[in-house]
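Have a look at the structure below before the remarks.
The values are calculated or read from the model by the stated rules, or taken from the named source; none is laboratory data. Model, not experiment: these values are computed from the prediction. A quick note on method: Cβ atoms are made from the backbone with ideal geometry, for glycine too, and the neighbour counts reach across all protein chains shown.
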Amino acid sequence: MAAEADADAAATGQISTPRWAEPDGEPILEASGLHYAYLDRYPALTDVSFTIQRGQRVALLGANGCGKSTLLKILDGLIFASQGSYSAFGQPVTEDTMEDVQMSEGFRSRIGFVFQNSDAQVFSPTVREEIAFGPLQLGISREDTASRVEDITRMLGITDLLDRAPYQLSGGQKKKVAIATVLVMGPEVLLFDEPTAALDPRTQYWLMDLIEQLGNAGKTIVHATHDLDALYRIADRCLIFSEDHRIVAEGTPEQILADRQLLLQVNLIHEHSTLPTPPQPPLEPLHRGKR
Ligand SMILES: Nc1ncnc2c1ncn2[C@@H]1O[C@H](COP(=O)(O)OP(=O)(O)OP(=O)(O)O)[C@@H](O)[C@H]1O
Ligand SMILES: [Mg+2]
C-alpha cells in the first residue's frame with residue numbers, strides 16, 4: 001500500500017501519506033508518561049508518551065539538553081524511567097525484566113544504539129574484537145561472526161582498521177566502528193544519536209544514504225538529530241521536544257519545517273535561520289519544439 005502510494009505520489013508530484021499514518025502499523029516501541037531526572041535533581045524527561053510502529057523512521061528534534069539522548073538510552077534499556085512505562089516488542093522493559101537473561105538477550109539482538117559519544121561505545125583491544133563482541137555474546141559461531149565482521153567492515157570501508165586499537169582511532173573512525181558494532185547484529189530497531197557528528201561530509205552523505213536504505217528495507221529507526229536539511233530523507237515522523245523536556249508537537253518533516261513559530265518557540269532555530277524547503281518534483285523536460 002505504501003509502495004503504491006509512493007508510486008502515485010511520484011507520478012503526480014505530490015507528497016505521499018507517510019507510512020506511520022497508516023492505521024494498521026504494528027506498535028513496536030511504546031512509551032507512556034515517562035519521567036527521568038539525573039541524580040533525582042536534573043530533569044531530562046517530563047511526561048513523555050508515544051507509540052512507534054514497525055518500519056517508522058522517527059526524528060527526535062529539540063534544543064541542546066532537551067532530553068533526546070536520555071530518551072534513546074531509555075529506549076535501549078540502559079537506564080530506566082522513574083515514572084511511566086516503556087515496552088518494546090510487546091514486553092515491558094524494566095530493571096527487573098532486563099535481569100532475565102533470555103529477555104535481555106532477545107531485546108539486545110533486536111535493538112541497536114549508536115551513541116552520541118563513540119568513546120563510550122568502544123572498549124575492546126582491537127576493532128575486530130570490538131565488532132565481533134556482540135554476535136559472539138549472542139552465541140553466533142566464530143565462523144559466522146568472522147564473515148559478518150568482514151562484510152560489515154567492507155561495507156563501511158574500514159577493513160584497514162581491523163587490527164587497530166579502537167581507542168587510538170580518530171573521532172570519525174571510532175564512529176564508523178561504533179556503527180559497525182550495531183549493524184553487525186542486524187537489529188530490527190536502530191537508535192541513532194546524532195550519528196553524523198564527527199564524520200567528514202562524504203561519510204555523512206554515505207551514512208544518510210545507508211539510513212535511508214535501512215528505512216526502505218523496513219527497519220524501524222529512531223534518530224536524534226539537529227540536521228534539519230536531512231530530515232526529508234531520513235524521517236517520516238518528527239517528535240519535537242521543548243526545553244522543559246516534554247514532547248510538544250509531532251508531524252511529518254513537511255509539517256514541522258513549515259511551522260517556524262514552533263521551531264522558534266522550542267529554541268531549535270534562530271530568528272534568522274533559514275529552513276530547508278521540501279524536495280521538489282523533477283522539472284518537466286524543456287520543450288524544444290519549433291516556435
Ligand atoms: N550524566 C548526567 N548527569 C546529570 N545531568 C545530565 C546527565 N546527562 C544529561 N543530563 C541533563 O539531562 C538533560 C537532558 O540531557 P540530554 O543529554 O538527554 O539532552 P539532549 O537533548 O540529548 O541534548 P544535546 O542536543 O545537547 O545532545 C540536560 O539538562 C542535561 O544537562
Ligand atoms: Mg544528546
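Data table
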{"quantity": "Residues (at pLDDT 90 or above, farther than 17 Å from Asp119 by Cα and assigned to a helix (DSSP H, G or I)) located in segment 147-174", "calculated": "Ser147, Arg148, Val149, Glu150, Asp151, Ile152, Thr153, Arg154, Thr159, Asp160"}
{"quantity": "Hits in segment 137-146 (condition: at negative phi and modelled with pLDDT under 95)", "calculated": "Gln137, Leu138, Ile140"}
{"quantity": "Index of the failed condition, Asp119 passing every other in (1) closer than 29 Å to Leu228 by Cβ; (2) over 17 Å from the mean Cα position of the chain (by Cα); (3) surrounded by 17 or more Cβ atoms within 10 Å (Cβ to Cβ); (4) more than 10 Å from ligand 1 (Cβ to nearest atom)", "calculated": "(3)"}
{"quantity": "Elements of type helices (runs of 4 or more DSSP H) contained in segment 175-291, each with 3 or more residues being away from ligand 1 (no atom under 16 Å from the Cβ) and more than 25 Å from Phe107 (Cβ to Cβ)", "calculated": "201-216, 253-257, 260-265"}
{"quantity": "Residues being closer than 19 Å to Leu29 by Cα and either more than 18 Å from the chain's Cα centre (by Cα) or among the polar types (S, T, N, Q) (or both) - total across segment 226-244", "calculated": "0"}
{"quantity": "Residues located in segment 39-69, provided they are touching a residue at least 60 places away in the same chain (Cβ under 8 Å), of a type in the set (S, T, N, Q) and either within 13 Å of ligand 2 (Cβ to nearest atom) or farther than 20 Å from Arg110 by Cβ (or both)", "calculated": "Thr46, Ser49, Ser69"}
{"quantity": "Filter result (surrounded by fewer than 24 Cβ atoms within 10 Å (Cβ to Cβ), within 11 Å of ligand 1 (Cβ to nearest atom) and not in a loop (DSSP other than H, G, I, E, B)) within segment 39-69", "calculated": "Tyr42, Pro43, Ala44, Thr46, Ser69"}
{"quantity": "Criterion violated by Ser109 - all others in (1) in a helix (DSSP H, G or I); (2) under 27 Å from Leu268 (Cα atoms) satisfied", "calculated": "(2)"}
{"quantity": "Flag if Gln137 is of a type outside the set (Phe, Trp, Tyr) and in contact with a strand residue (DSSP E or B) (Cβ under 9 Å, 6 or more places away or on another chain)", "calculated": "no"}
{"quantity": "Scan of segment 70-101 for residues that are surrounded by fewer than 17 Cβ atoms within 10 Å (Cβ to Cβ), β-branched (Val, Ile, Thr) and away from ligand 1 (no atom under 15 Å from the Cβ), ordered by number", "calculated": "Thr94, Thr97, Val101"}
{"quantity": "Residue match in segment 213-231 (condition: crowded, with 20+ Cβ neighbours inside 10 Å and over 30 Å from Asp47 (Cα atoms))", "calculated": "no"}
{"quantity": "Which listed residue, of Val127, Val114, is closer than 30 Å to Asp163 by Cα, in contact (Cβ under 8 Å) with a residue 24 or more places away in the chain, of a type in the set (A, V, I, L, M) and away from ligand 2 (no atom under 16 Å from the Cβ)", "calculated": "Val127"}
